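These notes concern the structure reproduced below.
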Amino acid sequence: MDGVLRNGRRRLTFRTCLELSHLLYVMQRIVKHRLLVQECTISFLAPSTSRQLCLNNTAAVVVSSIRPYSVVPPSSDPEEKAMLHRILRVDHAGEYGANRIYAGQMAVLGRTQTRPVIQEMWDQEKKHLTKFNEILAENRVRPTALLPLWNIAGYALGATTALLGKEGAMACTVAVEESISEHYNSQIRALMEADPDRYTELLQMIKEFRDDEMEHHDTGLENDAESVPGYWLLKNVIQAGCKAAIYVSERV
Ligand SMILES: [Fe+2]
Ligand SMILES: [Fe+2]
């Protein structure tokens, strides 16, 4: 009887060991699978983001909110692709033009007390342009064919208004930044109407840039933009030019 019990106990122990080893094997597979999933998901992220995730060891927590693209979702149909390319092309052209305007202003007022004010706004424009350069390359979007024109026209506008003094440069800033802010607002409205969930990242970026442009607009007003002689005429002429530039840059 004891022998049977002993044998039974032995058999039981052996079976338990088998079950335990099987259980361990299954757990190992699950852990391996989870790591693979995390690794795949992390590889879709921008390098800086993945590094951060690895450092924080929080990959599993954020897996559900990750998308396999940086800002612009892959186009599902030609119509959407055309719409997104139009948005990116004109925004890139606008930021490029803004950079050239500040370069022109700096060429004239770079040795005056206004330099830090212009430099601060220009630095932000450089960041905007760098971002759009990245997005255009990433999504194979052709920039507008009119970049050489915006190069000269932007610089000339910045320099000539700066020749009117600090107030002239600031009036130009107010006019241009107001136009760009309105343009970004119309894009935000269009994307919100189309599909806010699909364009979350793009919307977030445009809103952030729009806020920067509004800040530049306010900086212009705070620095006596309205004091320049013929302020309203100058502003309206510049804004008419901006509208034309936006219209053409979307299409060419
Ligand atoms: Fe900008
Ligand atoms: Fe700006």
Of the conditions (1) modelled with pLDDT under 95; (2) within 22 Å of Arg89 (Cβ to Cβ), Ile206 clears all except one; give me its number.
(1)
Which one of these is touching a Phe, Trp or Tyr at 6+ places or on another chain (Cβ under 6 Å), within 16 Å of ligand 2 (Cβ to nearest atom) and either assigned to a helix (DSSP H, G or I) or at positive phi (or both): Ile206, Ile246?
Ile206
How many residues of the stretch 215-234 are of a type in the set (S, T, N, Q) and either more than 16 Å from ligand 1 (Cβ to nearest atom) or more than 17 Å from Gln113 (Cα to Cα) (or both)? The answer is 2
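If only one of Glu226, Glu201 is among the acidic types (Asp, Glu), assigned by TED's automatic domain parsing to the domain that holds Asn99 and within 25 Å of the chain's Cα centre (by Cα), which one is it? Write out each step before concluding.
Working: Glu226 fails: within 25 Å of the chain's Cα centre (by Cα).
The unique qualifying residue is Glu201.
Surrounded by fewer than 19 Cβ atoms within 10 Å (Cβ to Cβ), modelled with pLDDT under 95 and over 30 Å from Asp77 (Cβ atoms): which single residue out of Leu149, Leu163, Leu136 fits that description?
The conditions single out Leu149.
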With respect to Arg142, is the statement that it is in a helix (DSSP H, G or I), modelled with pLDDT of 90 or more, of a type in the set (Lys, Arg) and away from ligand 2 (no atom under 16 Å from the Cβ) true?
no
For Ala175, only one of the following conditions fails: (1) in a helix (DSSP H, G or I); (2) at pLDDT below 95; (3) touching a Leu at 6+ places or on another chain (Cβ under 9 Å). What is its number?
(2)
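The values are calculated or read from the model by the stated rules, or taken from the named source; none is laboratory data. Predicted model, so just to flag it, every value in this text is computed and none were measured. All Cβ positions, even for glycine, are placed from backbone atoms using ideal geometry, and neighbour counts span all protein chains on display.
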